Amino acid sequence: MNYRHAYHAGNFADVLKHAVLARLLKLLQRKEAPVAYIDSHSGVGLYDLQGVEAGKTGEWQAGIARLPANSASALLADYLQVVAALNPQGGERYYPGSPEVARQLLREQDSLQLCEKHPADFALLKDNLRADERVVCHHRDGWQVGKALFPTDEKRAVLLIDPPFEAEDEYSSAVQTLQDTIARMRQAVVVIWYPIKAERQLNRFYQQLAACGAPKLLRAELWVRPADNAASLNGSGLAIVNPPWPLEDDLKTGLPELLAVLDQGGGGYRLDWLIAEAAEPPAKTAAPAAKKPRKPRHAR
Ligand SMILES: C[S@@+](CC[C@H](N)C(=O)[O-])C[C@H]1O[C@@H](n2cnc3c(N)ncnc32)[C@H](O)[C@@H]1O
């Protein structure tokens with residue numbers, strides 16, 4: 001386990017992931033019923049962008065640093081408020097990881113379960129989130145969350161699957177974890193984040209997602225450079241199972257807004273359904289007696 005998110009916090013891929021996470025958590029709050037938030041790969045929860053790690057890559061300069069301090073955009077408003085709350089003096093020095101985005105936006109009746117396997121990052125995660133009584137941190141393998149933590153006591157749940165993608169089999173593991181989850185809780189909202197390097201490398205993953213058996217699955221992607229160079233991270237995507245309404249509409253307007261600020265030349269975006277919602281079955285009322293069709297005038 002070499003990956004440390006502190007080197008990448010606040011980059012363009014984090015911006016897409018955290019903006020969508022913030023928006024969907026907010027949309028779920030239109031109902032009073034509690035929501036369980038589960039993070040399979042949590043990272044440390046909170047990042048100092050003036051720290052040594054972030055300073056070594058400077059990735060956040062092409063990410064959160066390009067965004068305005070606030071925005072009326074449905075996709076960005078809640079996310080930017082979370083960043084602003086961490087930086088009362090302005091700027092974006094302190095950056096929220098996914099656990100902190102969720103912690104700030106969830107309500108008293110909601111809960112958070114955060115998994116992290118790296119011992120040092122787990123210790124930091126616990127330290128950063130410990131003060132909040134709604135939070136439980138697990139030092140465990142995130143690939144087991146579907147079997148271990150679902151179904152949740154709450155009838156509504158959001159699972160973020162955000163592995164480092166250091167190994168080729170993490171795409172299949174992400175789909176397997178998604179399947180384990182919806183097998184136990186079909187209505188769960190599940191979000192898989194994935195990197196886009198060369199787009200053709202993702203074809204098998206798309207096929208696995210399309211065949212995963214979820215009720216519906218929306219794909220949202222944003223790349224900031226042409227997605228044809230396998231050596232570098234050119235963009236990222238989110239596979240979103242059971243997205244709350246109207247997240248799709250928010251993405252329709254939000255993705256071009258994000259591209260306008262994050263594009264490094266040759267960027268683009270895509271929004272489509274890998275699994276479309278099944279059409280409503282016909283209502284089971286007695287059909288009126290069919291009228292005999294009139295013969296068209298010129299029929300023989
Ligand atoms: C991309 S980072 C997570 C970032 C975080 N979700 C965010 O958005 O702020 C991936 C994290 O997964 C952790 N990790 C790697 N393998 C894991 C596993 N099998 N189970 C749980 N955590 C793991 C890494 O230590 C790293 O902190």
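Within 11 Å, Cβ to Cβ, of Asp121, how many net charges do the neighbouring residues add up to if Lys/Arg are +1 and Asp/Glu are -1?
Around Asp121, the charge tally is +1.
Mean 1/r over all different Cα pairs, inverted: what Kirkwood radius does segment 149-282 give, in Å? Please report the intermediate quantities before stating the final value.
Working: mean 1/r = 0.0639 Å⁻¹.
About 15.6 Å for segment 149-282.
For segment 1-75, how big is the tail of P(r) above 16 Å, as a whole percent of Cα pairs?
So the pairs more than 16 Å apart make up 59 percent of the total in segment 1-75.
Just add up the charged neighbours of Ala84: K/R +1, D/E -1, any other residue whose Cβ is under 11 Å from the Cβ of Ala84.
Working: positive: none; negative: Asp78, Glu92.
Counting the neighbours of Ala84, the net charge comes to -2.
What's the center-to-center distance, using Cα atoms, between segment 81-129 and segment 194-249 in Å?
Computed from Cα coordinates, the inter-centre distance equals 25 Å.
With unit charges on the beta carbon (Lys/Arg positive, Asp/Glu negative), name the residue among Ala183, Tyr194, Val158 whose Cα is farthest towards the positive pole of the charge dipole of segment 112-240.
Toward the positive end, the furthest listed residue is Ala183.
My understanding is that a pair violates if its Cα-Cα distance is over 23 Å; which of Lys26/Lys252; Lys26/Lys56; Lys126/Lys216; Lys17/Lys117 do that in this structure?
In this structure, Lys26/Lys56; Lys126/Lys216 lie more than 23 Å apart at Cα.
Just grab the label-to-label distance for Tyr3 and Asn229, each label 7 Å out from Cα along the Cβ direction, in nm (one decimal).
For Tyr3 paired with Asn229, the spin-label model returns 2.1 nm.
Beyond 34 Å, what percent of the Cα pairs of the chain remain?
Cα-Cα pairs in the chain separated by more than 34 Å: 21 percent.
A short reminder: the numbers here are calculations on the coordinates, not readings from a lab. Predicted model, so just to flag it, every value in this text is computed and none were measured. Virtual Cβ from ideal backbone geometry, glycine too; neighbours counted across all protein chains shown.
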